[in-house]
């Protein structure tokens, strides 16, 4: 049976590394780009038989900074996909760009080649903050990039923003949101700053210039309220969109869809198998060229694992989870989880609408803790009840309710 699959292409190259970045990226390695390009294209071609019978309905070029990698290289990769895979004509094809590494010519070339969605790294409208965190652009360059994108024919573009940045106040964040909305993006990603240990900003974790948890929570709740007022509906913890412009590719991650990754550190989830490639671009290149092992991590997911992921990822979305969907993956009682959510309702953390449990904005603020409690409840029930798969009496009674 034919299925849809998303494709992720990881471009690890950047002009420089931002002070908060913990992603798989490398700076000042331009000489490595041609070798990486050859390895990437070779890998894509060799993998093609594995996706026979799949239709590609989303392609996402992430990084790193794909726009720094160059439009012509990106187009060649996409052409390789179109020549060796069944790419649907209406596929969502996204590329991440930074305002300082994109030109009008690049955008025009990308649009003509079939790219139809941009994810623009804006982060803040405060140029002092941008400079402090190591961004190479100003907000005026963001505005210029949006103008160029429109001129090139891009109607669907998203802005990435970060709250909780050094020296950022609620008023400053409000100004960033307002100026971002004036650019009329179809989509906004608003992430709370997380300080990772191996980043320069981590040293400031106890500094007075860092907004505390309460300040971040205030910014987050303000974001949800403000964007809703202007027609941007929240569909995931950090993502907001005009109706119909939710990221089709990212929804695959949250809704347990199939996706295949290519490039250093890229992850895949196909037919119950999950694996990740080596993180080092040089190791990736060498392994592809030599026919060696490029997989760093591999896992075959059981029904219980899939059910856990369903809970963990589904609860990141405003659509939430349901007993029926959970039981279709892992045929075990949803009742303990149901009881837990009833206690969350009493505290204002969750709601039950049309047969689905989801978090409220206040619940999303505590989502890491609450999701952990949900998974603990699932694990405890498994230990008590055991595997339901061999119990035909339980199996039958479970589905008599639907």
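Values as computed for the structure displayed
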item	result
Matching residues in the stretch 342-370 - criterion: being crowded, with 18+ Cβ neighbours inside 10 Å and touching a residue at least 24 places away in the same chain (Cβ under 8 Å)	344, 357, 358, 359, 361, 364, 365, 370
Selected residue [crowded, with 18+ Cβ neighbours inside 10 Å, at pLDDT 95 or above, more than 14 Å from the chain's Cα centre (by Cα) and more than 26 Å from residue 337 (Cα to Cα)] from 310, 277	277
Residue match in the stretch 197-209 (condition: surrounded by fewer than 20 Cβ atoms within 10 Å (Cβ to Cβ) and either at pLDDT 95 or above or in contact with a helix residue (DSSP H, G or I) (Cβ under 6 Å, 6 or more places away or on another chain) (or both))	no
Subset of the stretch 182-235 that is in a helix (DSSP H, G or I) and touching a strand residue (DSSP E or B) at 6+ places or on another chain (Cβ under 8 Å) - its residue that is farthest from residue 19 (Cα to Cα)	228
Test: residue in the stretch 67-83 that is modelled with pLDDT under 95, surrounded by fewer than 20 Cβ atoms within 10 Å (Cβ to Cβ), in the same structural domain as residue 246 (by TED's automatic domain parsing) and within 27 Å of residue 189 (Cα to Cα)	no
Test result for residue 335, more than 25 Å from the chain's Cα centre (by Cα) and more than 21 Å from residue 10 (Cα to Cα)	yes
Condition met for residue 175 (free of Cβ contacts under 8 Å to residues at least 12 places away in the same chain and either assigned to a loop (DSSP other than H, G, I, E, B) or in the same structural domain as residue 16 (by TED's automatic domain parsing) (or both))	no
Of all residues in the stretch 320-339 being modelled with pLDDT of 90 or more and outside any helix (DSSP H, G or I), the one that is farthest from residue 357 (Cα to Cα)	334
Verdict on residue 61 being at pLDDT 95 or above, under 30 Å from residue 202 (Cα atoms) and either in a strand (DSSP E or B) or in contact with a helix residue (DSSP H, G or I) (Cβ under 8 Å, 6 or more places away or on another chain) (or both)	yes
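The values are calculated or read from the model by the stated rules, or taken from the named source; none is laboratory data. Everything numeric in this text was worked out from a predicted model, so none of it was measured. In this analysis, Cβ positions are derived from the backbone assuming ideal geometry, glycine residues included, and neighbour counts consider all displayed protein chains.
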